[in-house]
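**Q** If you scroll down you'll find the structure; I have some questions about it.
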Amino acid sequence: DAKTTQPTSMDCAEGRAANLPCNHSTISGNEYVYWYRQIHSQGPQYIIHGLKNNETNEMASLIITEDRKSSTLILPHATLRDTAVYYCIVRVADTGNQFYFGTGTSLTVIP
Amino acid sequence: NAGVTQTPKFQVLKTGQSMTLQCAQDMNHEYMSWYRQDPGMGLRLIHYSVGAGITDQGEVPNGYNVSRSTTEDFPLRLLSAAPSQTSVYFCASSRAGLYEQYFGPGTRLTVT
């Protein structure tokens, strides 16, 4: 699976949009981009995934560049409960449950 | 649905002891996985299974065994515990295909 690069940490003011970047410059055509987050010591929680089109759900939006070498996760109105570590993962389509997590971005939402 | 359950929540072992971490899911998911998470690190895949009777190794399989005799259960066995296996262990499951994984609450293991 392609390696991903994320900033180690970011801050965001409460109520503002949080934009979390991810670089995956070696991504292949059949690899999907997934985002998970981990709040404190809990198990990771799925947020969103996509292949090449932008995606939106009730939690977030995922913007993937046209060359697919990078993506941005957007939390439109960050709350204190969004403070967590966010993981960007690139996964080959349907290779079983093989997710390779990096160290992620620690997002702190500031009141 | 209980989702993904893991037992025990906490465990302390002495070096050389063996034990089994239990994982069960009630969502009829085909895929199940085990990860470990060391302090300040991301999750690393230990073993995974795409269905009953089928298992395969992840990136850090040494020192661990798994089996998948039923769809619901995916136990992780530590054969001879070592201090390097002190970690938090997470189990996850998902439907076959490009679906999200559901994670259990974790087992915090300390090996002295």
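**Q** I need the strands (runs of 3 or more DSSP E) fully contained in chain B, keeping only those with at least 2 residues that are within 13 Å of chain A (Cβ to nearest Cβ).
**A** Fully inside chain B and qualifying: B:4-7, B:19-25, B:31-37, B:43-51, B:54-57, B:87-94, B:107-111.
**Q** Here's something else I'd like to know. Any residue at all in region B:12-23 that is touching a helix residue (DSSP H, G or I) at 6+ places or on another chain (Cβ under 9 Å), surrounded by fewer than 16 Cβ atoms within 10 Å (Cβ to Cβ) and hydroxyl-bearing (S, T, Y)?
**A** yes
So that you can scan it fast, the table gives a plain yes or no per residue for (1) out of contact with any Leu (no Cβ under 8 Å at 6 or more places or on another chain); (2) hydrophobic (A, V, I, L, M, F, W, C); (3) closer than 30 Å to B:S87 by Cα; (4) at pLDDT 95 or above:
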position: A:G50; (1), (2), (3), (4): no, no, no, no
position: A:S61; (1), (2), (3), (4): no, no, no, yes
position: A:V85; (1), (2), (3), (4): no, yes, yes, yes
position: A:D94; (1), (2), (3), (4): no, no, yes, no
position: A:Q98; (1), (2), (3), (4): no, no, yes, no
position: A:T108; (1), (2), (3), (4): yes, no, yes, yes
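**Q** Which one of the conditions (1) within 14 Å of chain B (Cβ to nearest Cβ); (2) on the phi < 0 side of the Ramachandran plot does A:T65 fail to meet, given that it meets all the rest?
**A** Among (1) within 14 Å of chain B (Cβ to nearest Cβ); (2) on the phi < 0 side of the Ramachandran plot, A:T65 violates only (1).
**Q** Under 6 Å by Cβ, and 6 or more places apart or on different chains, what pairs join a residue from region A:24-46 that is buried (at least 22 other Cβ atoms within 10 Å of the Cβ) with one that is among the hydroxyl-bearing types (S, T, Y) and not in a strand (DSSP E or B)?
**A** Pairs that qualify, where the first residue is buried (at least 22 other Cβ atoms within 10 Å of the Cβ) and the partner is among the hydroxyl-bearing types (S, T, Y) and not in a strand (DSSP E or B), are A:H24/A:T4.
**Q** Tell me which residues, restricted to region A:19-33, are within 18 Å of A:F99 (Cβ to Cβ), more than 14 Å from chain B (Cβ to nearest Cβ) and hydroxyl-bearing (S, T, Y).
**A** Hits for region A:19-33 are A:T26, A:S28.
The values are calculated or read from the model by the stated rules, or taken from the named source; none is laboratory data. All of these numbers come straight from a predicted model, not from anything done at the bench. Backbone-built Cβ (ideal geometry, glycine too); neighbour counts: all protein chains shown.
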